[in-house]
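*Asks:* The structure is given below, and queries will be raised subsequently.
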Amino acid sequence: MHVVDSKSLSRSIHRDEKALLGMPFRLLIALVSIALVVPAVMSGWSSVDYVQTDQRVRSEIARVLTAAQRYLQAGSGGEEIHVVFEGGTFTRIEYVVFGDSAGHAYSRFVRYKLSGGDEQLVTVRNPSVPISSTDGGGLTLFEGSYPMHVECVSGIDVVVWAG
């Protein structure tokens, strides 16, 4: 039978008298390793989240623009489209602006901004559709879910409103 005294058990756990190479040192190595890896992993997740949020926003904008083009080509008509502007885990949607006042610089664009990024422009082309809201300016939406009305009454431009 093998008898282990408390001194040899203590040495086998700590490896030395001062316990420098035992659990405290191993814990320190683990913490340093985690501190070096976590920022890189979070940065990667943040980048993926930004790209996925950007794709979702562009997809929702494309649905509205396709309807606007369809009704402009038809000369009249409209529909209600349910759009969802939802941010990601790390990325928020600051705003989405459809069009501008008739004849102004951004009347044929949709602008949006995500947190941590620059303002992006989506051009309405083939055919180019001038978009405005019911009050004559651009329609500004924020993060959320909206029933959007897209309507061409005049045959010249498309009016959008949420509600």
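*Asks:* Please pick out the residue among Thr123, Thr140 that is β-branched (Val, Ile, Thr) and in contact (Cβ under 8 Å) with a residue 40 or more places away in the chain.
*Replies:* The conditions single out Thr140.
*Asks:* Just checking, how many residues over the stretch 114-131 are open to solvent by 30 Å² or more (accessible area, probe 1.4 Å), within 18 Å of Ser46 (Cβ to Cβ) and assigned to a loop (DSSP other than H, G, I, E, B)?
*Replies:* 3
*Asks:* If you don't mind, there's one more thing I want to ask. What is the residue count in the stretch 60-71 for residues that are open to solvent by 30 Å² or more (accessible area, probe 1.4 Å) and among the aliphatic types (A, V, I, L, M)?
*Replies:* 1
*Asks:* Now, a different point. What pairs can you find where one residue is in the stretch 151-163 and closer than 20 Å to Ala62 by Cα and of a type outside the set (A, V, I, L, M, F, W, C), the other is outside any strand (DSSP E or B) and open to solvent by 30 Å² or more (accessible area, probe 1.4 Å), and their Cβ atoms are less than 7 Å apart, with a gap of 6+ or different chains?
*Replies:* From the stretch 151-163, the pairs are Glu151/Tyr71; Asp157/Ala102.
*Asks:* Which residue, of Gly87, Gly103, is at pLDDT 90 or above and outside any helix (DSSP H, G or I)? It would help to see each step written out before you state the result.
*Replies:* Values: Gly103 fails: at pLDDT 90 or above.
Only one candidate passes the filter, namely Gly87.
One line per residue, one yes/no per condition, for (1) among the basic types (Lys, Arg); (2) within 21 Å of Tyr50 (Cα to Cα); (3) under 25 Å from the mean Cα position of the chain (by Cα); (4) modelled with pLDDT under 90:
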| residue | (1), (2), (3), (4) |
| --- | --- |
| Val96 | no, yes, yes, no |
| Arg108 | yes, no, yes, yes |
| Gly116 | no, yes, yes, yes |
| Glu119 | no, yes, yes, no |
| Leu141 | no, yes, yes, no |
| His149 | no, no, yes, no |
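*Asks:* Related question: Would you mention how many residues in the stretch 137-163 are open to solvent by less than 20 Å² (accessible area, probe 1.4 Å), closer than 17 Å to His104 by Cα and either assigned to a strand (DSSP E or B) or of a type in the set (Ser, Thr, Tyr) (or both)?
*Replies:* 2
*Asks:* Still on this structure, I have one more. Suppose we filter the stretch 43-61 for residues that are without any contact (Cβ under 8 Å) to a residue 40 or more places away in the chain and out of contact with any Asp or Glu (no Cβ under 8 Å at 6 or more places or on another chain); how many remain?
*Replies:* Residues of the stretch 43-61 that are without any contact (Cβ under 8 Å) to a residue 40 or more places away in the chain, as a first pass: 43-44, 47-48, 51-52, 55-56, 59-60.
Still in the list and also out of contact with any Asp or Glu (no Cβ under 8 Å at 6 or more places or on another chain): 43-44, 47-48, 51-52, 55, 59-60.
Counting residues in the stretch 43-61 that are without any contact (Cβ under 8 Å) to a residue 40 or more places away in the chain and out of contact with any Asp or Glu (no Cβ under 8 Å at 6 or more places or on another chain) gives 9.
*Asks:* In addition: In contact with a Lys or Arg (Cβ under 8 Å, 6 or more places away or on another chain), modelled with pLDDT under 90 and open to solvent by 50 Å² or more (accessible area, probe 1.4 Å): is that true of Thr134 in this structure? Please lay out each step first, then the result.
*Replies:* Details: in contact with a Lys or Arg (Cβ under 8 Å, 6 or more places away or on another chain): no; modelled with pLDDT under 90: yes; open to solvent by 50 Å² or more (accessible area, probe 1.4 Å): yes.
In short, no.
*Asks:* For the subset of the stretch 75-113 comprising residues that are β-branched (Val, Ile, Thr) and over 18 Å from Leu65 (Cβ atoms), which member is most open to solvent (accessible area, probe 1.4 Å)? Please lay out each step first, then the result.
*Replies:* Taking the stretch 75-113 first, the residues β-branched (Val, Ile, Thr) are 81, 83-84, 89, 91, 93, 96-97, 110.
Filter again for over 18 Å from Leu65 (Cβ atoms), leaving 89, 91.
On the way: Thr89: 107, Thr91: 4 Å².
In this case the residue turns out to be Thr89.
*Asks:* Of the residues that sit in the stretch 42-83 and are over 15 Å from the mean Cα position of the chain (by Cα), assigned to a helix (DSSP H, G or I) and among the small types (Gly, Ala, Ser), which one is modelled with the lowest pLDDT?
*Replies:* Only one residue fits best here, namely Ala74.
The values are calculated or read from the model by the stated rules, or taken from the named source; none is laboratory data. This is a predicted model, so every value here is computed, not measured. All Cβ positions, glycine included, derive from the backbone under ideal geometry; neighbour counts span all protein chains shown. Ligands, DNA and RNA are excluded from the accessible area calculation, which covers all protein heavy atoms including side chains. Shrake-Rupley method; radii C 1.70, N 1.55, O 1.52, S 1.80 Å.
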